[in-house]
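> What follows is a structure written as structure tokens; I'll ask about it next.
The values are calculated or read from the model by the stated rules, or taken from the named source; none is laboratory data. Remember, it's a predicted structure, so these values are computed and weren't measured experimentally. As a convention, Cβ positions derive from the backbone with ideal geometry for all residues, glycine included, and neighbour counts pool all protein chains shown.
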Amino acid sequence: MLSAGLLTTAPTVICLLAYTGALLWGAVRVSWVELFADSRRQHLFYGSVFALTILWLLRKDFDSGLTFHFLGMTVITLMLDWPLALLAAALAQGVLVLFGLDDAAALGANGLLRSLVPVLVTVAMSRMLERFNPTNLFLYIFISGFFAASLSAVCTMLAGMGLLAWSGSLSPPDSLVELLGYMVMVMFPEGFINGMGVAALVVFHPEWVETFDADRYPQEPFDDQQ
């Protein structure tokens, strides 16, 4: 993630407006009556805020103002669906700001990078998969989980590099090989963590995963064999 000193005024303001708009749209799309009436869903939401806060505390801060940490947003998006996932990430990010670990001035940029971009990528991959109406459980785990998280990490890295370049704080990589090296470095760990999380959830607690069709994935292959 980025410190406020790495960004100029224009990207800071534009990111804040875009992130605020996304949060408001997510808040509108949340079924608040259903959330307040379902204690299990409330526990999943608050648990997600806690998990993201802990995950984002496991970070590496550099003197330049850059911070690297796992995102974890793919598994949260699949579990809560995107509106609640955005709100959970916003609360977790607010905790980091209160602790003084994030710059309040860079709230929009960091919110865009660590939550909005991964959520958009995850939703796009999940909906693309659903168009094919798959029944293989491993397709959901691999594409909606592992691959979506890997792609989210790459898109977040590229978006962050774009913001830094826009602000004049970053020179482009010396070669395409160097850029590909950065991409590989971020995509596989992120994909592994989220893929394992999604696999554990759909195997042990599929009812916790909002975007998972428990009737179609595990049961239909066995029905075909009868």
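> Kindly list the number of the only condition in (1) more than 24 Å from Trp25 (Cα to Cα); (2) touching a Lys or Arg at 6+ places or on another chain (Cβ under 8 Å) that fails for Leu55.
(2)
> Within the range 121-161, restricting attention to residues that are without any contact (Cβ under 8 Å) to a residue 60 or more places away in the chain and among the β-branched types (Val, Ile, Thr), which residue is surrounded by the most Cβ atoms within 10 Å (Cβ to Cβ)?
This residue is Thr122.
> Among the residues of the range 31-68, write down those that are under 20 Å from Val117 (Cβ atoms) and over 17 Å from the mean Cα position of the chain (by Cα).
Lys60, Gly65, Leu66
> Kindly establish whether Asp81 is surrounded by fewer than 23 Cβ atoms within 10 Å (Cβ to Cβ), out of contact with any helix residue (DSSP H, G or I) (no Cβ under 6 Å at 6 or more places or on another chain), more than 25 Å from Pro173 (Cα to Cα) and in contact (Cβ under 8 Å) with a residue 40 or more places away in the chain.
Here the answer is yes, as Asp81 does meet what is asked.
> Shifting gears a bit: Would you check if Glu178 is acidic (Asp, Glu), surrounded by 18 or more Cβ atoms within 10 Å (Cβ to Cβ) and not in a loop (DSSP other than H, G, I, E, B)?
No; evaluated as a whole, the condition is false for this residue.
Residues checked against (1) surrounded by 15 or more Cβ atoms within 10 Å (Cβ to Cβ); (2) closer than 23 Å to Val123 by Cα; (3) at pLDDT 95 or above:
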position	(1), (2), (3)
Pro11	yes, no, no
Val33	no, no, no
His43	no, yes, yes
Ser64	no, no, no
Val75	yes, yes, yes
Ala92	yes, yes, yes
